[in-house]
Amino acid sequence: MLFCKTKLLFYIGNLPSWLQGTLLRNGPGIFSVGDTTYNHWFDGMALMHSFTFKDGEVIYRSRYLRGDTYKDNMAAKRIVVSEMGTMAYPDPGKNVISRVITFLNHTVPDFTDNCGNNFIRYGKDYYATSETNYIRKVDPVTLETQDKVDYMKYLAVNLVTSHPHYDKDGTAYNIGTSIAEKGKTKYTLFKVPDTTAGDKANASPALKNLEVICTVPCRSLLSPSYYHSFGMTDNYFIFIEQPFKLDILKMATAYMRGVNWASCLKFCPEENTLIHLIDRKTGKEVGIKYYTEAMIVYHHVNAFEEDGHVIFDVIAYDDPSLYNMFYLNVLKEQSKTSAMSVPKCKRFALPVQTDKGIDVGDDMVKLQYTTASAVKEKEGKLLCQPEVLCDGVELPRINYDFNGKKYRFVYMTCVAMSAVATKIMKLDTETKERTEWREENCWPSEPVFIPRPNGEGEDDGEIALHVINSNPGESGFILVLDAKSFKEVARAYVNAELHMDMHGYFIPMENYDGCLRSMRGRQLPQSECTLLFAGL
């Protein structure tokens, strides 16, 4: 028997028969080891979850990511691997030589492999990922931790985003930062083909076939921009070089100074935000220089092209206060979260062609449906001002079939008054209409759109998420909403503790079946698998 079906739990509603596949979720799950505790929520050791939808049933399982970080911490019975917001110091009982080695390791840090941010796919393999040069291959059926993969073996990048893009053919695109590589700090866009000709087609990892698309020089040699995602259309990449920077010199001395690496991030509000528009075919930037006022962006929503413009939507902040809101001592005192900069969903419009007849001070955006502007300045630069579509939102997801194309709907969490989401919403970017789902004393995760096969519209599908529930006598639950009406379709309560997490990845059943075939003859531990729906 492949699945250990242990207990039928209380459920409400009926799942559509076409909903077949697995939703993977990733986020921090362990915050204390022995007498030591992480300072920041993002630092917690990764806990992976999966919800498998098949024939009216949902099967839930979870496992900790058992990477080197997990093993080293557990073996030492204390936190010994540093994270971004938590610097780990040696046991006072260690000898002088051990302490010196620890110091040197932190001066030129070997980053953690605690990949607790998201899941990504390269070729036929799935990986847990954060933003370091390490990713961890994961079995999507059992959630077993497998090979540790170092991007540096294939490309000189120290940091890589956890939000790649994918073409219809399965090719993945991503961007990473090379710190002082051959005396230069640069950003590198690369792609990983899904398959290649000949014997290489089944090569694992697919990163062996990695191809560099282009590099963008960093405007500050020792202070590269922090970024979490990027945009892509059919013909362009959009990379935002924001004045939120990682000070490399401060990072090299952080351990000696007794501070964490997060303190080496600096926001420079007096500087502009540069917008790089890169031609996918040539790998070169377009000739126009775009910029906007200082802002911080973690998540791109979507981007598309229309009438000689590239339009892109992002979630933007006025300052870096969001990160500070997730220190554990702040999360415990929710009243302090009111200091968080309210995130805004902003739309930018970039004219791709310059018109020599346009005077300095003129707006080059000619689209009628947006108030976004791009005003010509001296030396051909364009000052881009966005349209604010809505505010108080984060963790945007769309129907990915519309990625890089003109779209209408986006699904997000609502975080206006707190760093922790209290409800989710559907935004119609054309009408600005908002539709919300909320329940008292419940905290929803990022909403993931699952398209109906051969669907008839952009919002023809379901929204899947899990919800942490603090109502007395009730447990957390997996929730499915109709994406069009935003009405509840079904839910199932989980007899296990659900954790607040970061991001998720849905594997359609046709892809998941290939994973299942490789699992025949193996059985999951009963403690790690729970049947939620049955016989609906």
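The values are calculated or read from the model by the stated rules, or taken from the named source; none is laboratory data. Here the structure is a predicted model, which means the values were calculated and not measured. Ideal geometry is used to build each Cβ from the backbone, glycine not excepted, and the neighbour counts take in all protein chains shown. Surface accessibility is based on the protein's heavy atoms, side chains included, excluding ligands, DNA and RNA. Shrake-Rupley method; radii C 1.70, N 1.55, O 1.52, S 1.80 Å.
For the pair Val375 and Lys405, how long in nm is the line joining their label points, each one 7 Å along Cα→Cβ?
The modelled label-to-label distance comes out at 3.6 nm.
Any idea how far apart Arg219 and Asn235 come out in nm if each label point goes 7 Å out from Cα toward Cβ?
Simple spin-label model gives 2.6 nm for this pair.
For Asp318 and Thr282 in one chain, what is 0.36 nm times their gap in residues minus the Cα-Cα distance, to one decimal in nm?
9.6 nm
May I ask you to list the aspartates and glutamates whose Cα is less than 14 Å away from that of Lys405, ignoring any residue fewer than eight positions away on the same chain?
Hits, sequence-local ones excluded: Asp167, Asp234, Glu305, Glu306, Asp307, Asp313, Glu458.
Residue-wise, which Karplus ³J(HN,Hα) couplings in Hz belong to region 356-366, taking 6.51 cos²θ - 1.76 cosθ + 1.60, θ = phi - 60°, and x for glycine or proline?
4, x, 7, 8, 4, x, 8, 8, 8, 7, 10
Taking the Cα centre of the chain as origin, work out the dipole magnitude from +1 charges on Lys and Arg Cβ and -1 charges on Asp and Glu Cβ, in debye rounded to 20.
Charge dipole of the chain: 1360 debye, to the nearest 20.
So what J values fall out for region 133-142 if you push phi through Karplus, 6.51 cos²θ - 1.76 cosθ + 1.60 with θ = phi - 60°, rounded to Hz, Gly and Pro as x?
7, 10, 10, 10, 5, 10, 6, x, 8, 9
With label points built 7 Å along Cα→Cβ from the Cα atoms of Lys423 and Ser204, find their separation and express it in nm.
Result for the modelled spin labels: 4.6 nm.
Apply the membrane-span-like helix rule to the chain: whole DSSP H runs, Cα extent along the own long axis of at least 15 Å, mean Kyte-Doolittle hydropathy at least 0.0. List the helices found.
96-107
Rounded to the nearest 10 Å², what accessible area does Cys414 have for a 1.4 Å probe in the complete protein model?
Around 10 Å² of this residue is reachable by solvent.
What list of ³J(HN,Hα) couplings, whole Hz, do you get for region 265-276 from phi and the Karplus terms 6.51, -1.76, 1.60, once you set θ to phi - 60° and write x for glycine and proline?
The phi angles translate into 7, 10, 9, 10, x, 6, 9, 7, 9, 8, 10, 9 Hz.
Please tell me which of these pairs span more than 22 angstrom C-alpha to C-alpha: Lys186/Lys378; Lys137/Lys245; Lys346/Lys378; Lys356/Lys381; Lys168/Lys208? Please list the in-between numbers first.
On the way: Lys186/Lys378 27 Å; Lys137/Lys245 29 Å; Lys346/Lys378 25 Å; Lys356/Lys381 13 Å; Lys168/Lys208 20 Å.
Going by Cα-Cα distance, Lys186/Lys378; Lys137/Lys245; Lys346/Lys378 fall outside the 22 Å limit.
Quick one: check the C-alpha center-to-center distance for region 287-316 versus region 403-465, whole angstrom.
Each part's Cα centre sits 21 Å from the other's.
Working with all protein chains in place, sort Val388, Val149 by solvent-accessible area computed with a 1.4 Å probe, largest first.
So, going from the largest accessible area down, we get Val388, Val149.
Mind checking the full-extension length gain between Asn511 and Gln368? Use 0.36 nm per residue of separation minus the Cα-Cα distance, one decimal, nm.
This chain segment gains 47.3 nm when fully extended.
Quick check: Cα centre of region 55-91 to Cα centre of region 239-272, how many Å?
With region 55-91 and region 239-272 each reduced to a Cα centre, they are spaced 25 Å.
Please compute the length gained on full extension between Glu439 and Asp391, using 0.36 nm multiplied by the number of residues separating them and subtracting their Cα-Cα distance. Intermediate results must be reported in sequence, preceding the final value.
Details: separation 48, 0.36 × 48 = 17.28 nm, distance 2.04 nm.
Full extension of this stretch gives 15.2 nm more.
Whole number in Å², please: accessible area per residue of the chain, 1.4 Å probe, ligands, DNA and RNA not counted. Kindly include the intermediate steps, with their values, before the conclusion.
Values: 22550 Å² over 536 residues.
Per-residue value: 42 Å².
Share of the chain's accessible area from carbon and sulfur, percent, 1.4 Å?
Values: 11340 of 22550 Å².
It is 50 percent, rounded to a whole number.
Taking a probe of 1.4 angstrom, what is the accessible area of Ile30 in Å², to the nearest 10?
It works out to around 20 Å².
How big is D for the chain, in µm² s⁻¹ as a whole number, if Stokes-Einstein is applied with the Kirkwood radius of its Cα pairs at 10 °C and 1.306 mPa s?
65
Scan around Met502 for amide H atoms under 5 Å from its own, H built in the peptide plane at 1.01 Å from N, and keep only partners 5 or more places away or cross-chain.
Asn26, Gly27
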